[in-house]
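Undergrad: Just dropping this structure here.
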Amino acid sequence: MGQLRTICLVGHSGCGKTTLATALMKRAGIKEQILLDASQEEKDRGYSIDIGYGAFTKGDTTVTLLDTPGGDEFIEEMYKAVPVSDVSLLVVHAEKAVEVVTERAWDLTGAAKRPTLVLVNQMDRENASFEKAIASLRDHFEGKLLPIQLPIREGGAFVGVVDLIANQAVYFAEKGKKAIPDDLAGPVEDARSSLIEEASTMDDELMMKFLEEEPISTEEITTSLSIGVAQGELIPVLCASGAEEKGLDTLTQVLTGLVPGPALDAAAATRAIVFDLTNDPYLGRLAYARVLDGTVQEGKSLVVVGGGGKIEIRDMYTLEGTKQKREPKAPAGSIIAIGKAEDLKLGDTVATSIDGAAFDMPAFPQPVYSRTIVPKSQADVEKMSEALREVSTTKATIQVERDPVTKEQILRGMGDIHLSVFIERLKNRYNVSLETHTPQIPYKETIRKKAEAKYRHKKQSGGRGQFGEVVLRIEPFDGEGGYQFLDEIKGASIPGQYIPGVEKGVVEAMEEGNLAKYPVTNVSVAVFDGSYHPVDSSELAFKIAARSAFRDAFDKANPTLLEPVMNVQVRVPEEFTGDIISDLNGRRGRILGMDPAGKITVIRAEVPLSEMMSYALDLKSRTQGRAVFQMEYAKYQAVPGNIQEKVVAQARQNEE
Ligand SMILES: Nc1nc2c(ncn2[C@@H]2O[C@H](COP(=O)(O)OP(=O)(O)OP(=O)(O)O)[C@@H](O)[C@H]2O)c(=O)[nH]1
Ligand SMILES: [Mg+2]
């Protein structure tokens, strides 16, 4: 059986990953149409949105490519692809060098100490510079970046590369020509000796030879380098042009030769990790998985580790070019797509036994941008929830939620482009049209002091009347659940059977609020007196009385608006720290701390949610996309008086 390699392409949007992956497959002899950016939204926009899957075979090695999008709002795809790849191919634009997502990709691949290769791509461009790209990489990143090639340019054209390991040139147009151009002799010698020096740190024998200046063979360098790559210690740097299909054969050789294959056991108990879900237009829901151990077979069933259900493997696919083909048997190291597996979730480990070891995927970033979504027509209302569910289960950073306070349907994502793309997808695939607007803030109401009120509900017009009188006291309450109800009736001023009615009335009044129609919280309510009528009293009458009594007491208890406050963490390059802090202050933020981490500062703050609604967009424009942030709900806190006045006035206006 042949070898398997899984390679993820990561890097900033526009560096040429999709073009490169397409060219690699084409050169490897894939005859059928290759289409990585296959979805309608990708075709319309001209960039990648989902992981693109493709595979080709070179010699006895089958290479599966995972082409990730480089747009920062689509970052989750990188979180899916990197952990299941044998090597990350970090692609860098030869004119632009290190960009924002290059940094993000570096963190994600490097943090895991995984094998990584860097490719300086688009070397055909007029102002392409391998040297500048390397300098930029070294400036940004700590790590042993080792050029294993140097580009050969003639009259501005990219015509070949010097293979520093073999110490010979490769010309794209002339097979067999191997002479290193004279003007490169010096740079080649320098680059080659640092390459050998670094490689020799991986192997004592080679180190001796290096120190004694003995001749060193291509094989010896290759062996030591691949040890360094396997450990994530050495990071080879190559150059190519995907669009002009230059440097791709050597790249493929390195990817299949230098990069270590998976040390996996095809005979062991079966285990696979589900790292991506898609809705294929022809095949329906597909769960992409990497086989970790053993062999996955059609017709056999697996279980979800940790207690999920049984999964029948009915339709299984691997890739040939970008086409799925049925595959009855996939050994460890394979990337497979499991069809008709509606029950599988992102991050599920499936195995022969429920006690199999779970494969831990890194935690996905949390969505930081929210919009309220409203169906455009009645027909959209009916299709919306199904469509939203289909789309959101495939994406960890797209979440749909109904806000319990405002009752709005909220779509969360990473930014405005991200949400627009998925709203387009809902239209294209499910014919659902949605409008979006800024979500309402889920304010709450509370009181600042103790108050009492009495309310008598009495109706005696024909037939049976209604009667109930409630006297209650409310006061601020910090205990669990934000609410407590006390029955302090002594004697029988309100008979026990009506007390549940009283509580229902209180709860209803609390849900409705009485300041700006937001729910009331942090209140203790004690009913301590009242009166009843032997014939006309009922649970309903007491409910009505209690509701009004609560409202009256609430109005007297110095009612206050509370707003949600978020725990915010911003990671910024240090030069933006001052600017970002003063901006957070301007958003009524409270800075909790600053942790410098290399060239990055992590700022921690508490900021009201109402000030964060467009932060994802504002932060990006303030820092040219170089800062990222996370936020999560922290607590509710009193709104300043002037803002409370505005919110209350707005609520009154809405009511009219
Ligand atoms: N001159 C030149 N242009 C290239 C090369 N590779 C890609 N391009 C162009 O650069 C643009 C972006 O290429 P893509 O391959 O879509 O870039 P990507 O990295 O996949 O971008 P995302 O999917 O957004 O991450 C396209 O217009 C390509 O034609 C190259 O090697 N040389
Ligand atoms: Mg792409």
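The values are calculated or read from the model by the stated rules, or taken from the named source; none is laboratory data. Remember, predicted model here, so these are calculated numbers, not experimental data. When we count neighbours, we look across all protein chains shown, and the Cβ atoms used for this are built from the backbone with ideal geometry, even at glycine.
Undergrad: Given the condition surrounded by 19 or more Cβ atoms within 10 Å (Cβ to Cβ), in contact with a Gly (Cβ under 8 Å, 6 or more places away or on another chain) and not polar (S, T, N, Q), answer yes or no: does some residue in region 206-216 qualify?
TA: No - not one qualifying residue is present in region 206-216.
Undergrad: Would you check which residues across region 529-552 are among the β-branched types (Val, Ile, Thr) and either in a loop (DSSP other than H, G, I, E, B) or surrounded by 24 or more Cβ atoms within 10 Å (Cβ to Cβ) (or both) and list them? Reasoning before the result, please.
TA: Filtering region 529-552 for residues among the β-branched types (Val, Ile, Thr) gives 535, 544.
Once the filter is applied, which keeps residues that are among the β-branched types (Val, Ile, Thr) and either in a loop (DSSP other than H, G, I, E, B) or surrounded by 24 or more Cβ atoms within 10 Å (Cβ to Cβ) (or both), region 529-552 yields only VAL535.
Undergrad: Scan SER48, SER39, SER88 and give me the residue that is under 20 Å from the mean Cα position of the chain (by Cα), within 30 Å of ASP265 (Cβ to Cβ) and within 16 Å of ligand 2 (Cβ to nearest atom).
TA: SER88
Undergrad: Residue under question is VAL405, and the condition is that it be β-branched (Val, Ile, Thr), assigned to a helix (DSSP H, G or I) and surrounded by 15 or more Cβ atoms within 10 Å (Cβ to Cβ); does it hold? Walk me through it before giving the result.
TA: On the way: β-branched (Val, Ile, Thr): yes; assigned to a helix (DSSP H, G or I): no; surrounded by 15 or more Cβ atoms within 10 Å (Cβ to Cβ): yes.
Criteria not met by VAL405.
Undergrad: Can you tell me which residue is farthest from ALA133 (Cα to Cα) among those in region 243-261 that are within 28 Å of the chain's Cα centre (by Cα) and buried (at least 18 other Cβ atoms within 10 Å of the Cβ)?
TA: Here the answer is VAL259.
Undergrad: Which of the residues that make up region 145-165 are farther than 21 Å from GLY242 by Cβ and surrounded by fewer than 16 Cβ atoms within 10 Å (Cβ to Cβ)?
TA: Hit for region 145-165 is GLY155, nothing else.
Undergrad: Moving on. For the structure I just gave you, tell me whether SER614 is at pLDDT below 95, under 22 Å from GLN644 (Cα atoms), within 26 Å of the chain's Cα centre (by Cα) and of a type in the set (Gly, Ala, Ser). Quick ask: steps written out before the conclusion?
TA: Numbers: at pLDDT below 95: yes; under 22 Å from GLN644 (Cα atoms): yes; within 26 Å of the chain's Cα centre (by Cα): yes; of a type in the set (Gly, Ala, Ser): yes.
Yes; evaluated as a whole, the condition is true for this residue.
Undergrad: What single numbered condition from (1) away from ligand 1 (no atom under 13 Å from the Cβ); (2) under 13 Å from GLY11 (Cα atoms) fails to hold for LYS113?
TA: Single failed check for LYS113: (2).
Undergrad: Still on this structure: Any idea which residue in region 18-41 is surrounded by the fewest Cβ atoms within 10 Å (Cβ to Cβ), counting only those that are near ligand 1 (Cβ under 8 Å from one of its atoms) and closer than 23 Å to GLY415 by Cα?
TA: ASP37
Undergrad: Can you name every residue in region 74-109 that is outside any helix (DSSP H, G or I), in contact with a His (Cβ under 9 Å, 6 or more places away or on another chain) and under 23 Å from ALA230 (Cβ atoms)? Walk me through how you get there before you give the answer.
TA: Going through region 74-109, the residues outside any helix (DSSP H, G or I) turn out to be 75, 85-99.
Those left that are additionally in contact with a His (Cβ under 9 Å, 6 or more places away or on another chain): 91-93, 96-99.
Scanning region 74-109 gives VAL91, VAL92.
Undergrad: Any chance region 303-318 includes a residue that's assigned to a strand (DSSP E or B) and in contact (Cβ under 8 Å) with a residue 60 or more places away in the chain?
TA: Among the residues of region 303-318, at least one is assigned to a strand (DSSP E or B) and in contact (Cβ under 8 Å) with a residue 60 or more places away in the chain, which makes the answer yes.
Undergrad: Which residues, taken from region 51-71, are in contact with a strand residue (DSSP E or B) (Cβ under 8 Å, 6 or more places away or on another chain), over 16 Å from TYR317 (Cβ atoms) and within 12 Å of ligand 1 (Cβ to nearest atom)?
TA: ASP67, THR68, GLY70
Undergrad: From the list CYS8, CYS15, pick out the single residue that is in contact (Cβ under 8 Å) with a residue 40 or more places away in the chain, assigned to a strand (DSSP E or B) and within 14 Å of ligand 1 (Cβ to nearest atom).
TA: Just one listed residue meets the conditions, CYS8.
Undergrad: Moving to a separate point now. Can you give me the number of residues within region 51-73 that are within 12 Å of ligand 2 (Cβ to nearest atom) and outside any strand (DSSP E or B)?
TA: Number of matching residues: 5.
Undergrad: Tally up the residues in region 319-351 that are without any contact (Cβ under 8 Å) to a residue 40 or more places away in the chain and either in a loop (DSSP other than H, G, I, E, B) or crowded, with 19+ Cβ neighbours inside 10 Å (or both), please.
TA: Taking region 319-351 as the starting set, the residues that turn out to be without any contact (Cβ under 8 Å) to a residue 40 or more places away in the chain are 325-330, 343.
Next, from what is left, pick out any that are either in a loop (DSSP other than H, G, I, E, B) or crowded, with 19+ Cβ neighbours inside 10 Å (or both): 327-328, 330, 343.
Summing the residues that are without any contact (Cβ under 8 Å) to a residue 40 or more places away in the chain and either in a loop (DSSP other than H, G, I, E, B) or crowded, with 19+ Cβ neighbours inside 10 Å (or both) in region 319-351 gives 4.
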